[in-house]
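The values are calculated or read from the model by the stated rules, or taken from the named source; none is laboratory data. Worth saying up front: this structure is predicted, and the values here are computed from it rather than measured. Cβ atoms come from the backbone with ideal geometry, glycine included; neighbour counts cover every protein chain shown.
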Amino acid sequence: MPECGAPGPSTIECRQIADLLSDYLDGSLPKDTRELLEWHIEGCAPCVAFVKTYRGTITAATKLRDVEIPAELKQRLLAVLRNQRASHPSGA
Ligand SMILES: [Zn+2]
């Protein structure tokens with residue numbers, strides 16, 4: 001039977017979620033990429049927690065208390081958030 005979860009050329013890795021998430025929430029992500037991202041998140045608890053954290057959905061995060069965000073992913077999140085703040089559009 002086919003390998004389950006075998007990485008393919010179009011598979012998104014956890015670390016890519018951080019890069020794509022801002023565009024995803026922006027709605028500026030291409031449909032294909034968006035679907036890949038959603039598909040990944042659906043089957044990846046750490047990424048679900050990641051998205052919740054990113055969005056600041058504290059109430060939902062408490063439900064995922066047992067899900068630890070990998071340290072590497074957490075660092076990516078912080079980096080992205082920092083980046084966003086730095087590139088925040090001026091003259092709001
Ligand atoms: Zn993931």
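Couple of notes before you dig in:
- Helices (runs of 4 or more DSSP H) lying entirely in the chain (those with 1 or more residues that are surrounded by 12 or more Cβ atoms within 10 Å (Cβ to Cβ) and modelled with pLDDT under 85): 14-26, 45-55, 58-63, 71-86
- Hits in segment 47-58 - residues which are within 9 Å of the chain's Cα centre (by Cα) and over 15 Å from Leu20 (Cα atoms): Ala49
- Among the residues of segment 7-48, those identified as among the β-branched types (Val, Ile, Thr) and either near the ligand (Cβ under 9 Å from one of its atoms) or in contact with a strand residue (DSSP E or B) (Cβ under 9 Å, 6 or more places away or on another chain) (or both) are Ile12, Ile17, Ile41, Val48.
- Cβ pairs under 7 Å, 6+ apart, first in segment 27-56 and on the phi < 0 side of the Ramachandran plot, second of a type in the set (Asp, Glu) and more than 8 Å from the ligand (Cβ to nearest atom): Leu29/Asp23
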